[in-house]
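Just below is one structure, and these are the notes that go with it.
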Amino acid sequence: MNPAGGATAIEVPLSIAPMMDRTDRHYRYFMRQITRHTLLYTEMVTAQAILHGDRDHLLGFTPSESPLVLQVGGDDPQMLATATRAAADFGYDAINLNVGCPSDRVRSGNFGACLMAQPERVAEGVAAIMAASPLPVSVKHRIGIDDRDRYEDMAAFVDTVAQTGCRHFTVHARKAWLQGLSPKDNRTVPPLRYGDVHRLKQDFSHLWIEINGGLTRLDQVRDQLGPVDGVMIGRAAYDNPYLFSGVDQGLFASNEATLSRQQVAEAMLPYIDHWVRQGLKLNKITRHMLMLFAGQPGSRLWKQILTEESCRPGAGVDVVRQALKAVQHQGEMQAQLGSLV
C-alpha cells in the first residue's frame, strides 16, 4: 500500500489517554486549567455514531481544549473517512484510531483490540482516514491479543499499518485477553512489557512511538522519554489530576505560571455557571473535579460537599465556593496545629 495523504503526527512528550466515561469535554476543560500543552484525547466515538448521531453532542468542544485528538472506533473505511471529515470540520487537531479496547461491545462491532488480528483491515481504515483530510493520524493499540502476543506479531502489525504513511503509534504495553478478562482487568492483570515497546522504537526509529500503561508518576515519564518518544498517562490523570501541575514548565518549556489547586477551582467557576445556566446538572462537571485536592488537607470535605450538594436541584457555582471555603478552613486549622507542635 502506498503512503498517501495525511499530515505529520502531533509530536509531544506527554498526553492523557482517551478514557470512556472520563475524558469528556468537561474533564478536558478542567485539565486545561492545570496543563495547557499536554495532548488531550476525546473518549472513543464510533464512526457509526458520528455518521448517524448528533454531531454537536458527540464532537462539540471548547476551543481552549486544543490541542485535542478525536479518537474513533470502527473498521469500515468509508465510515472512518466520514468521521475524519467531521473531525476536521469541528476543528480537531488530529484523529486517532482505536485498536486497543478489549470490551465485548467493541469486539462485537469488529473494532478495538480485535483488529490487531487484521492489520490489513486497519491499514485500509488508516489510509481512508488519511485520504479524507489533512489531519494527522495515529493508531492506539496493544502489544498483542490472546495468543498473538509475540513481539514479532506486534512489529508486523505496525509495519503493515505504517506503509500507509501513518507514523504515530501509541502502544499500551499490556496484551489484551479478548475472552476471560473484563476491560478493567485487562488494564491491570496482563503483565507490563515496556521492553517490547522500547524495542519497537529501536526497530522503527523513523516512527513516533508513544508508551502507555501503568505509568503514574512524572519521574517515570522522564525515564521513558529516551527509550520512546512520548508517554501517555491514563487513570492516574483522572485519579490525581494535579499530577500535571508543572508539566508545561518541565516538559514543554513554558513560561506560563502554574495555578494552585484553589486557582484551578476558581478558574472553573465561569465555565460551570455557563453550563448550569444551559440546564446541565452540576455534577456532570464536578464529578471530574473530585480528586483535585487528593492528598491535601480538606480533600475529604471537598469530595463530600461536591458529591452531596451538586446533585441537588438548582445546584450551581455556590456549591463549589462552599467546598473551597471548607478546604481553605481545613488547611488553616492544620497549619495552626502544625505551628503548635
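The values are calculated or read from the model by the stated rules, or taken from the named source; none is laboratory data. Keep in mind it's a predicted model, so treat the numbers as computed, not measured. Glycine also receives a Cβ, built like all others from the backbone with ideal geometry; neighbour counts cover every protein chain displayed.
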Given the stretch 56-156, what helices (runs of 4 or more DSSP H) lie entirely inside it while holding 1 or more residues that are more than 24 Å from K184 (Cα to Cα)? 77-90, 119-132
If we keep just the residues of the stretch 1-30 that are of a type in the set (V, I, T) and surrounded by fewer than 22 Cβ atoms within 10 Å (Cβ to Cβ), which is modelled with the highest pLDDT? V12
So which of H37, H141, H52 ends up being of a type outside the set (G, A, S) and without any contact (Cβ under 8 Å) to a residue 40 or more places away in the chain? H52
If you check G246 against the conditions, is it on the phi > 0 side of the Ramachandran plot and crowded, with 18+ Cβ neighbours inside 10 Å? no
Boolean, Q328 is in a helix (DSSP H, G or I), touching a residue at least 40 places away in the same chain (Cβ under 8 Å) and over 24 Å from F61 (Cβ atoms): yes
L301 fails exactly one of (1) part of a loop (DSSP other than H, G, I, E, B); (2) in contact with a helix residue (DSSP H, G or I) (Cβ under 8 Å, 6 or more places away or on another chain); (3) hydrophobic (A, V, I, L, M, F, W, C), namely (1)
Which of the numbered conditions does L269 fail, given that it passes all the others? Conditions: (1) in the same structural domain as L39 (by TED's automatic domain parsing); (2) free of Cβ contacts under 8 Å to residues at least 60 places away in the same chain. (1)
Restricting attention to the stretch 239-298, the residues that are in a loop (DSSP other than H, G, I, E, B) and over 25 Å from M333 (Cβ atoms) number exactly 13
Please find, within the stretch 120-151, the residue that is farthest from the chain's Cα centre (by Cα) out of those that are within 17 Å of L192 (Cα to Cα) and not basic (K, R). D147
Do we find a residue being surrounded by 19 or more Cβ atoms within 10 Å (Cβ to Cβ) and more than 23 Å from D21 (Cα to Cα) anywhere in the stretch 105-119? yes
